[in-house]
1. Considering region 143-184 alone, what residues qualify as being without any contact (Cβ under 8 Å) to a residue 40 or more places away in the chain, β-branched (Val, Ile, Thr) and under 21 Å from Asp286 (Cβ atoms)?
2. Every residue in region 186-203 that is touching a residue at least 40 places away in the same chain (Cβ under 8 Å) and part of a strand (DSSP E or B), please.
3. Can you give me the number of residues within region 57-80 that are more than 24 Å from Met209 (Cα to Cα) and free of Cβ contacts under 8 Å to residues at least 60 places away in the same chain?
4. How do the pairs read when you match residues in region 37-56 that are closer than 19 Å to Tyr298 by Cα and aromatic (Phe, Trp, Tyr) with residues anywhere that are modelled with pLDDT of 95 or more and not in a loop (DSSP other than H, G, I, E, B), using Cβ under 7 Å and keeping only pairs 6 or more apart or on different chains?
5. Sort out which residues of region 313-327 are in contact with a helix residue (DSSP H, G or I) (Cβ under 9 Å, 6 or more places away or on another chain) and either crowded, with 17+ Cβ neighbours inside 10 Å or free of Cβ contacts under 8 Å to residues at least 24 places away in the same chain (or both), and write them in order of number.
6. For region 1-114, give me every one of the strands (runs of 3 or more DSSP E) that falls completely inside it and has 3 or more residues that are surrounded by 12 or more Cβ atoms within 10 Å (Cβ to Cβ).
7. Which of the numbered conditions does Gln303 fail, given that it passes all the others? Conditions: (1) part of a loop (DSSP other than H, G, I, E, B); (2) surrounded by 14 or more Cβ atoms within 10 Å (Cβ to Cβ); (3) at pLDDT 95 or above; (4) touching a strand residue (DSSP E or B) at 6+ places or on another chain (Cβ under 9 Å).
8. Would region 199-207 turn up any residue that is over 14 Å from the mean Cα position of the chain (by Cα) and buried (at least 21 other Cβ atoms within 10 Å of the Cβ)?
Amino acid sequence: MSEFYYSLRQRTGPAPVIRKLGATRRGMEQTPVVWNGRVYLVESMEPDAVCDRQYIRVRDEKTGAVTAPFGQDLYFASAFAEGEKLYVFATSRFDDQPLTMYQSEDAGTWHDPRGGHTVRMFTTADLRTWEARDILYCPDKRLWNTSVCKGEDGYRMALEASANPGETNPAVGVPFTCFFARSDDLLHWEMLPDSCAYTPARYNACPAMRYANGYYYMICLEALPCQRYAPYIYRTENFSDWQVGFHNPVMMYGDDDRKIKPGCTLTPEETDLLLHGLNINCSDLDLCEFEGKTRIFYANGDQMSYSFLCEAEFDGPLETFLEAFFH
């Protein structure tokens, strides 16, 4: 794997201007997708009054209508739309033990049942009936977030992975690391070689992958010094040689993550947490193009105990937004 950062006396154009719009509600995991001329948000939900198990649902952003729960006990949903069909991808759980990550300051007592070995795909044409099939199984890795896009030579999936507990996996290196899979028809998938992983050298999580003009662009969360987190952008033509965007991070956490998006409401307790919680994070960034603008969805918070779903936008198409980081 090669990785290009910049040359001596590198000249660049201006960084794309991102306007943060504010927080919309509590939560962390959602993927925007444009389907049939509308924006839908594919949401990974924790158990609630509707469902006593982890589940997935799809929200019509304009009307607020949500589908019935599906994908119980699956996590980290992502989405891809093509023609009349919407595709939702999610990863299995590792075991059925309770989540204890946020209940103690002692990381040695934490347990995370997420990050199983299987990717399952759901397909629908009407948001009411779903066909499900397992499309990837990786027993040597724990799988977390995924992202799917279409290039000139088929479909590609980015998969965030870590090693199995108690095992050393040189391909993973520093967790988390992104691996890749390919498909000609969205139904049958095969993993690319582990040598294509990006990058075992450092923390590289929650990918969002898109294709434009010969390049696969990927935005991932990087770990900064002193336990801070921000998204970085990279691109590749062959999943072997990578370029790091000149204008990084894509976004940085700050007080502009603490405002409430106009038209949204929070409870007094939520508002207090938004204003005063430690904010060290812009994670799980995902994006889509709609009505000539690039719409950006991400989470703020402390990367552990709380987060709010936030929105931002770039005044231009997605292709322009992606390419601007490398000019």
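1. Within region 143-184, Thr177 is the sole residue that qualifies.
2. Once the filter is applied, which keeps residues that are touching a residue at least 40 places away in the same chain (Cβ under 8 Å) and part of a strand (DSSP E or B), region 186-203 yields Trp189, Met191, Tyr198.
3. Going through region 57-80 one residue at a time, the tally reaches 8.
4. Tyr40/Val33; Tyr40/Val58; Tyr40/Arg59; Tyr40/Asp60
5. Answer for region 313-327, where residues must be in contact with a helix residue (DSSP H, G or I) (Cβ under 9 Å, 6 or more places away or on another chain) and either crowded, with 17+ Cβ neighbours inside 10 Å or free of Cβ contacts under 8 Å to residues at least 24 places away in the same chain (or both): just Phe314.
6. 19-26, 30-35, 38-45, 55-60, 74-82, 85-92
7. Only one criterion in (1) part of a loop (DSSP other than H, G, I, E, B); (2) surrounded by 14 or more Cβ atoms within 10 Å (Cβ to Cβ); (3) at pLDDT 95 or above; (4) touching a strand residue (DSSP E or B) at 6+ places or on another chain (Cβ under 9 Å) is unmet by Gln303, namely (3).
8. no
The values are calculated or read from the model by the stated rules, or taken from the named source; none is laboratory data. Keep in mind it's a predicted model, so treat the numbers as computed, not measured. Cβ: placed from backbone, ideal geometry, glycine included. Neighbour counts: every protein chain shown.
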